[in-house]
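Participant: One structure coming up, written as structure tokens, with questions to follow.
The values are calculated or read from the model by the stated rules, or taken from the named source; none is laboratory data. Because the structure is predicted, anything quoted here is derived from the model rather than measured. Cβ sites come from the backbone with ideal geometry, for glycine too, and all protein chains shown count toward neighbours. Remember, those area values only see protein heavy atoms, side chains included, never the ligands or the DNA or RNA. Shrake-Rupley method; radii C 1.70, N 1.55, O 1.52, S 1.80 Å.
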Amino acid sequence: MIEPLLPKVEHRTWHPGRKRHPDRLVLQGVLFVLCTGIAWEHLPQELGFGSGMTCWRRLAEWIEAGVWPELHGVLLAELRSANALDFSRAAVDGSHIRALKGGAKTGRTRWTAGGWAANTT
């Protein structure tokens, strides 16, 4: 499901460099770090996911390519087609949406306070 969404990287023939680590293993490494909360540099090499820096770079590459919003759409479509979405416990919170320019300007704000207070000193 995810593989078609990942950007295709062409193999360089002139200066090939090191062989690219498989996307599937790197994705497993990214998910391992995100699920466990460990630091990228502490990702164990023994798991075969590549280095933490490799996983971090690939995650940044996929973010820039727009993979995650596409994956979100694909997974939502899959759940909708299986009638597996339950919105009975869903909540919408508007505090996470920025109002960049604010609302429409209606004019000068009226003075709502009373008169000046008496000096008590």
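Participant: Looking at the stretch 32-46, which of its residues are open to solvent by 100 Å² or more (accessible area, probe 1.4 Å) and either without any contact (Cβ under 8 Å) to a residue 12 or more places away in the chain or under 21 Å from L75 (Cα atoms) (or both)?
Facilitator: Once the filter is applied, which keeps residues that are open to solvent by 100 Å² or more (accessible area, probe 1.4 Å) and either without any contact (Cβ under 8 Å) to a residue 12 or more places away in the chain or under 21 Å from L75 (Cα atoms) (or both), the stretch 32-46 yields L34, C35, H42, Q45, E46.
Participant: I'm told F49 meets every condition in (1) open to solvent by 40 Å² or more (accessible area, probe 1.4 Å); (2) within 25 Å of L75 (Cβ to Cβ) except one. Can you identify the failing condition by its number?
Facilitator: F49 satisfies all of (1) open to solvent by 40 Å² or more (accessible area, probe 1.4 Å); (2) within 25 Å of L75 (Cβ to Cβ) except (1).
Participant: Moving on. Filtering the stretch 77-121 down to residues that are at pLDDT 80 or above and basic (K, R), which residue is farthest from M1 (Cα to Cα)?
Facilitator: Looking at the filtered set, the residue picked out is R89.
Participant: If you check V74 against the conditions, is it in contact (Cβ under 8 Å) with a residue 60 or more places away in the chain and of a type outside the set (S, T, N, Q)?
Facilitator: Taking the combined requirement at face value, the residue satisfies it.
Participant: Quick one: count up the residues across the stretch 1-31 that are at pLDDT 80 or above, open to solvent by 70 Å² or more (accessible area, probe 1.4 Å) and among the β-branched types (V, I, T).
Facilitator: Total satisfying the criteria: 1.
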